[in-house]
1. Condition first: in contact (Cβ under 8 Å) with a residue 24 or more places away in the chain and touching a Phe, Trp or Tyr at 6+ places or on another chain (Cβ under 8 Å). Now tell me which residues in segment 48-64 satisfy that.
2. Can you pull out every residue in segment 199-230 that is hydroxyl-bearing (Ser, Thr, Tyr) and under 20 Å from residue 148 (Cβ atoms)?
3. Of 177, 188, 198, which residue is among the small types (Gly, Ala, Ser) and touching a Lys or Arg at 6+ places or on another chain (Cβ under 8 Å)?
4. Can you tell me how many residues in segment 198-220 are more than 18 Å from residue 83 (Cβ to Cβ) and outside any loop (DSSP other than H, G, I, E, B)?
5. Is at least one residue of segment 175-186 more than 16 Å from the chain's Cα centre (by Cα), within 23 Å of residue 118 (Cβ to Cβ) and assigned by TED's automatic domain parsing to the domain that holds residue 119?
6. Limited to segment 66-89, what total is found for residues that are in contact (Cβ under 8 Å) with a residue 12 or more places away in the chain and either in a helix (DSSP H, G or I) or outside the structural domain of residue 41 (by TED's automatic domain parsing) (or both)?
7. Residue 153 - would you say it is surrounded by fewer than 21 Cβ atoms within 10 Å (Cβ to Cβ), out of contact with any strand residue (DSSP E or B) (no Cβ under 9 Å at 6 or more places or on another chain) and touching a residue at least 24 places away in the same chain (Cβ under 8 Å)?
8. In segment 28-41, is there at least one residue being among the hydrophobic types (A, V, I, L, M, F, W, C) and assigned to a strand (DSSP E or B)?
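The values are calculated or read from the model by the stated rules, or taken from the named source; none is laboratory data. These numbers were taken from a predicted model, which means no experiment stands behind them. When we count neighbours, we look across all protein chains shown, and the Cβ atoms used for this are built from the backbone with ideal geometry, even at glycine.
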Amino acid sequence: MRQTLRVLLFGLIVMLIATAAAQASASPPVLLKEGMNGDDVYRLQAKLQEFGYYQGTPDGYFGEQTAEAVLEFQLDTGLQADGVVGTATLATLRDYKPAAGQASRAPGENRQGLQVAAFAKQFLGVPYVWAGRSPGGFDCSGFVWYVYNHFGIQLPRMADGQFTAGVAIGRRSLVPGDLVFFSTYEPGPSHVGIYIGGGKFIHASSGADEVTITPLGKQYYLERYLGARRLVR
């Protein structure tokens with residue numbers, strides 16, 4: 001009887017050791033995510049900044065701005081866009097080589113686009129009004145229509161029509177003044193805004209109930225992003 005108990009006890013101990021070893025080997029890699037801080041986060045920010053995704057000064061704290069930069073990098077490189085840095089994101093970031101002519105996301109000479117963005121910012125806080133296209137109230141496409149009309153550029157009134165204007169550009173080529181489009185309340189280009197640089201765009205938002213500035217890396221818009229068009233050079 002005692003011998004049997006010893007055998008059972010020994011078997012249980014071996015099983016526990018094997019289970020613990022298996023769990024240790026299967027443990028997920030260390031992740032960098034929002035709320036963390038330290039040298040690893042600092043190095044992450046510096047790398048993202050090198051490629052033009054992180055616009056701030058690296059400080060070693062994984063805050064909202066860092067998460068948005070990670071999301072944009074993940075989206076551009078075909079990774080799962082969750083804003084959390086695991087081994088796949090780290091490996092892709094380590095080996096990343098921007099396409100020719102896209103070494104940086106920073107805008108070059110783009111005077112009129114900067115003027116468009118600056119003019120658009122004057123209307124921050126203007127209330128959202130369905131079908132509105134004046135400073136008394138804008139909807140998304142009415143806001144874009146009004147801003148560009150000020151610069152003598154005639155656009156279709158609705159977002160789906162504006163999606164056919166100008167030339168298509170990739171996300172990594174965005175500069176201030178470009179239009180960014182999203183599929184929101186219906187399939188296809190149903191929402192539009194004006195990229196202002198720094199990974200942000202200005203738009204008349206029904207959710208905010210006013211003209212507001214939003215990070216392009218915000219999860220809601222990342223999931224609904226359709227493309228961008230350039231109207232000025």
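1. Result: 48, 51, 53.
2. If the condition is that a residue be hydroxyl-bearing (Ser, Thr, Tyr) and under 20 Å from residue 148 (Cβ atoms), then 205, 212, 214 are the ones that fit.
3. Testing whether each residue is among the small types (Gly, Ala, Ser) and touching a Lys or Arg at 6+ places or on another chain (Cβ under 8 Å) leaves just 177.
4. 9
5. yes
6. Residues flagged as in contact (Cβ under 8 Å) with a residue 12 or more places away in the chain and either in a helix (DSSP H, G or I) or outside the structural domain of residue 41 (by TED's automatic domain parsing) (or both) within segment 66-89 amount to 13.
7. Yes.
8. Checked against the condition, which is being among the hydrophobic types (A, V, I, L, M, F, W, C) and assigned to a strand (DSSP E or B), segment 28-41 yields at least one hit.
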